[in-house]
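Structure incoming, see below.
The values are calculated or read from the model by the stated rules, or taken from the named source; none is laboratory data. In this text, all values refer to a predicted model and were calculated from it rather than measured experimentally. Because the Cβ atoms are built from the backbone with ideal geometry, glycine has one as well, and the counts that use them run over all protein chains shown.
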Amino acid sequence: MPIIELRQLTKSYRVYQKQEGLAAAIRGLWRREYREVLAVKGIDLTVEPGEFVAFLGPNGAGKTTTLKLLSGVITPSAGSARVMGYVPWERANEYRRRFALVMGQKNQLWWDLPSQESFRLHQQIYRIEAQQFQHCLDELTDLLKVRGLLGRPVRELSLGERMKMELIAALLHSPEVLFLDEPTIGLDVVAQHNIQQFLRFYQAERQITILLTSHYMKDVAALCRRVVVITDGSIKYDGSLSGIVDSFSGAKILRLQLAEGQSPDGLERIAQVQQMELPKVTLRVPRADVLKLLEHILQHYQIEDVGVEDPPLEEVIANLFEHHQAVADSTASQAS
Amino acid sequence: MTHELSNPSRGRSGWLSGREWQLRAACWWTVFRIALEERLAYRGDFALGTLMRFLPIITQIFLWYAVFDAIDAGAGKRLAGYSFQDMVAYYLLSMLGRAFSSMPGLASSIARQIRDGEIKKFIIQPVDMVGFLLLGRIAHKIAYYTVAALPFALVFFLCRGYFTDGWPPAPQFLAFVLSLILAFLLGYLMDLCIGLIGFWFLEVSSLLFVYMLLNFFLSGHMFPLDLLPEPWHSLVAWLPLKYLAYFPAAVFLGKIPADALAWEMGLECLWVVVLLVCARVLYARGLHRYSGYGG
């Protein structure tokens, strides 16, 4: 029984089309032109309980819109969604007590008060039993190592500390489904790592369902077995992280270390040279030709060491985004 | 129908159960307590701001003195039934009314929360914004009265000579207290409604400016509304603004005839209900619009 089910979920916004210049601005006072923007175009997605799913995609791809739809902040233009059996945008209190949304760029805590006051408020809002509240709070503060900071006003916390407090506030009522929108944005490497470790541990222990959007490939690689690539409002890939490379990159990276005195001449004719720092040469070769080329090279050159690798994930995904962007641009220009 | 069934907090009759009330009361108390703490976080600025509000009293007393002097009121001349003493007493009492009904920063903070998306908090969490903000305001007011009570008492004591009729009889005083509480509710609801218009306009500061300007003159903050010529006087009598400053003061000073008092209070309660419905509708429609277009 899936915990999250999206069917043909679509969201379009009407945005005011602003023209340049003062004259146009004055005209805009009484006649405004609006343009429909499709942020999410008919997404189908099924998530089973206990899954940790990452949404990857460039800015404006529709990741955050999808999370907003699932948490009931916005209503879709078409399609349906069910989370734990609830329709999110009906905003039933029973549903709202069972999920949480954390946005890396938005603050839910009371700015001028110590975090523990915000936590107390959450205890009442979410109706958490006193004993369970204390137990959860102790566990979370120990895991995130913020016990000493509970009494400090939120405005005096660092960004990383604040993010930890945001997570505690979101998890106090033990939500079964957690939506994380860029939880590590703007954090330094250590803080990012801490949050990742915490999320991994907590998810494994509680077996809650988490949907995460992030720009940091490290977040995704560390946390999620399942990756959903969204570009331009629709799902382009749904599967494992390593599977992305297999599906979207036709190339392999060949690293050669030439023997002393061996000239690299001629290599550029048989394959694309990506980097040359003698005696090291890096070639980019079509996946199907790897064996044939390797044989040829070993025959004609004196090689000390050789390695075959997949291209880096970031590169593959960047290419994937760019490719879809280019396709979208060309169809858009055709349409106009 | 399914919604009703899935809501265990309501019994078969539709009334909230005792347990539900208990949970809600605990939540309200926490919201109130935290809002109070937040208010006291900046106590220096808060105390100074509270005390500064008393400065205009002196200028106002001088102003009315000059006015009555100019019309040669020494011989007991009155302005629309107000002697100089009455006028000062009125001013002090209307200030007390304003201390209940003014909501500094409420409308603009709601509009800001809509603009920068902080309003999402009330969509995601199982908490009602109208009630949440009301509790916050009650906390603000109580913090304010705690600081302002002493200076208020001092000012009234020093100016006791202006209250020529002394204390009003008990029923009239009770009506005065009730009118202050209703003034608080009306002030809250009006500012709330203006803030909620932010769902449509995003920026409400000019609207708020117009409202404040009207409020200043038509609530009786500037001068007793009895001074207004017709048809303004009749018009203002039907507006809710007069309850924010004029009405409590007029009740205290016995300017409202005893037979009209009940009717006036009834009208004030009606305004509270009307504005509450207004706020509810604006909030529901605003959220609908927000979730449809923005977010």
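If you check every pair at least six apart or on different chains, which have Cβ atoms under 8 Å apart with a residue in the stretch B:22-33 that is under 12 Å from B:Val127 (Cβ atoms) first and a residue that is of a type in the set (Phe, Trp, Tyr) second?
B:Val31/B:Phe132
Related question: Where in the stretch A:265-336 are the helices (runs of 4 or more DSSP H), entirely inside, with at least 1 residues that are modelled with pLDDT of 85 or more?
In the stretch A:265-336, the matching helices (runs of 4 or more DSSP H) lie at A:290-300.
A:Thr46: more than 11 Å from chain B (Cβ to nearest Cβ), closer than 30 Å to A:Val316 by Cβ and surrounded by fewer than 18 Cβ atoms within 10 Å (Cβ to Cβ), yes or no?
For A:Thr46, the condition - more than 11 Å from chain B (Cβ to nearest Cβ), closer than 30 Å to A:Val316 by Cβ and surrounded by fewer than 18 Cβ atoms within 10 Å (Cβ to Cβ) - is met.
Anything in the stretch A:88-105 that is farther than 30 Å from A:Leu157 by Cα and more than 9 Å from chain B (Cβ to nearest Cβ)? List them, or say none.
Within the stretch A:88-105, just A:Pro88 meets the criteria.
Could you please find all residues in the stretch B:116-144 being closer than 20 Å to B:Phe201 by Cα and either more than 13 Å from chain A (Cβ to nearest Cβ) or within 21 Å of the chain's Cα centre (by Cα) (or both)?
B:Met129, B:Val130, listed by residue number.
Search the stretch A:61-76 for residues being assigned to a loop (DSSP other than H, G, I, E, B) and either within 8 Å of chain B (Cβ to nearest Cβ) or at pLDDT 95 or above (or both), and hand back the single one that is nearest to A:Gln8 (Cα to Cα).
Looking at the filtered set, the residue picked out is A:Thr75.
A:Gly186 versus (1) in a helix (DSSP H, G or I); (2) touching a residue at least 12 places away in the same chain (Cβ under 8 Å): which is the lone unmet condition?
Here A:Gly186 meets the rest and fails (1).
Does A:Gly79 satisfy the criteria of being in a strand (DSSP E or B), in the same structural domain as A:Val154 (by TED's automatic domain parsing), buried (at least 16 other Cβ atoms within 10 Å of the Cβ) and not hydrophobic (A, V, I, L, M, F, W, C)?
Criteria met by A:Gly79.
Would you mind telling me which numbered condition in (1) more than 14 Å from every other protein chain (Cβ to nearest Cβ); (2) touching a residue at least 24 places away in the same chain (Cβ under 8 Å) A:Ala25 fails?
(2)
Let me ask you something else. If you check A:Gln124 against the conditions, is it of a type outside the set (D, E, K, R) and within 8 Å of another protein chain (Cβ to nearest Cβ)?
yes
Another one. Listed residues A:Gly85, A:Gly148; which is within 14 Å of chain B (Cβ to nearest Cβ), surrounded by fewer than 19 Cβ atoms within 10 Å (Cβ to Cβ) and either farther than 20 Å from B:Glu37 by Cβ or free of Cβ contacts under 8 Å to residues at least 60 places away in the same chain (or both)?
A:Gly85
When you check B:Gly266 against the structure, is it under 30 Å from B:Arg115 (Cβ atoms) and in a helix (DSSP H, G or I), yes or no?
no
Go through the stretch A:106-121 and report how many residues are more than 9 Å from chain B (Cβ to nearest Cβ) and surrounded by fewer than 18 Cβ atoms within 10 Å (Cβ to Cβ).
So the answer is 1.
Among (1) basic (Lys, Arg); (2) away from chain A (no Cβ under 14 Å); (3) within 29 Å of A:Arg91 (Cβ to Cβ), there is one condition B:Arg289 misses while meeting the rest; what is its number?
The number of the failed condition is (2).
Of these, A:Gly72, A:Gly62, which one is in contact (Cβ under 8 Å) with a residue 24 or more places away in the chain, closer than 26 Å to A:Ser214 by Cα, within 19 Å of the chain's Cα centre (by Cα) and assigned by TED's automatic domain parsing to the domain that holds A:Val87?
Only one candidate passes the filter, namely A:Gly62.
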